[in-house]
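Presented below is the structure to which this report refers.
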Amino acid sequence: MYVISFASTHHAMFAEQMLKKADIKIMVIPTPRQIDKSCGISIKFNGTLMDKVIEVMEKYNIDVKGIFEIMPDLSVVVHYPK
C-alpha cells in the first residue's frame with residue numbers, strides 16, 4: 001500500500017482535488033498508525049503511479065510529510081522525500 005501523508009488536512013484535500021484532476025485513481029483514508037500517531041487523513045494510491053503523483057505534488061507545491069509504502073509485515077519504507 002502506498003500512502004501520502006500531509007502536513008495538514010487542508011493540503012490533503014487540495015491534493016485529492018489535484019490528483020483527481022490529473023486522472024489519478026486515489027482513495028482518502030485515515031492516516032495509518034505506522035506513519036503518524038496523530039489523527040489525520042492520507043491518500044492511498046497505486047505505486048506504479050509514483051512519478052505522476054510526485055509530479056502533481058511538486059507542480060502545486062503541496063506540503064507532504066512523505067510518501068510511504070506500508071509493507072505486508074507493517075514496516076514502512078519512505079519513498080519521498082529521499
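Is at least one residue of the stretch 33-46 crowded, with 16+ Cβ neighbours inside 10 Å, of a type in the set (Gly, Ala, Ser), modelled with pLDDT of 95 or more and not in a loop (DSSP other than H, G, I, E, B)? Looking for residues that are crowded, with 16+ Cβ neighbours inside 10 Å, of a type in the set (Gly, Ala, Ser), modelled with pLDDT of 95 or more and not in a loop (DSSP other than H, G, I, E, B), one finds at least one in the stretch 33-46, hence yes.
Restricting attention to the stretch 4-32, which residues are in a loop (DSSP other than H, G, I, E, B) and over 15 Å from Asp63 (Cβ atoms)?
So in the stretch 4-32, the residues in a loop (DSSP other than H, G, I, E, B) come out as 7-8, 22-25, 31-32.
Result: Ala22, Asp23, Ile24, Lys25, Pro32.
A search for C-beta distances below 9 Å between a residue of the stretch 1-25 that is within 18 Å of Met50 (Cβ to Cβ) and touching a residue at least 24 places away in the same chain (Cβ under 8 Å) and any residue that is surrounded by 12 or more Cβ atoms within 10 Å (Cβ to Cβ) and acidic (Asp, Glu), counting only pairs 6+ apart in sequence or on different chains, returns Met1/Glu69; Tyr2/Glu69; Val3/Glu69; Ser5/Asp36; Phe6/Asp63; Ala22/Glu55. Within the stretch 29-51, residues that are more than 12 Å from Ile4 (Cβ to Cβ) reach partners that are in a loop (DSSP other than H, G, I, E, B) with beta carbons closer than 6 Å, at six or more positions or on different chains, in the pairs Gln34/Leu74. Every condition in (1) over 21 Å from Ala22 (Cα atoms); (2) touching a residue at least 24 places away in the same chain (Cβ under 8 Å) is met by Val56 except one, and the failing one is (1).
Does Met27 qualify as being modelled with pLDDT of 95 or more, surrounded by fewer than 13 Cβ atoms within 10 Å (Cβ to Cβ) and within 10 Å of the chain's Cα centre (by Cα)?
Numbers: modelled with pLDDT of 95 or more: yes; surrounded by fewer than 13 Cβ atoms within 10 Å (Cβ to Cβ): yes; within 10 Å of the chain's Cα centre (by Cα): yes.
Criteria met by Met27.
Could we say that Glu69 is in contact (Cβ under 8 Å) with a residue 60 or more places away in the chain and either at negative phi or crowded, with 16+ Cβ neighbours inside 10 Å (or both) here? Working first, answer last.
Working: in contact (Cβ under 8 Å) with a residue 60 or more places away in the chain: yes; either at negative phi or crowded, with 16+ Cβ neighbours inside 10 Å (or both): yes.
Here the answer is yes, as Glu69 does meet what is asked.
Going through the stretch 50-79 one residue at a time, which ones are in a strand (DSSP E or B) and either touching a Gly at 6+ places or on another chain (Cβ under 6 Å) or of a type in the set (Val, Ile, Thr) (or both)? Result: Val64, Ile67, Ile70, Val76, Val77, Val78. Residues of the stretch 2-24 that are in contact with a helix residue (DSSP H, G or I) (Cβ under 9 Å, 6 or more places away or on another chain) and either surrounded by 14 or more Cβ atoms within 10 Å (Cβ to Cβ) or of a type in the set (Gly, Ala, Ser) (or both): Tyr2, Ile4, Ser5, Phe6, Ala15, Met18, Leu19, Ala22, Ile24.
The values are calculated or read from the model by the stated rules, or taken from the named source; none is laboratory data. Every value quoted in this text rests on a predicted model; they were computed, and no experiment measured them. Every residue, glycine as well, gets a Cβ built from its backbone with ideal geometry; the counts of neighbours run over all protein chains shown.
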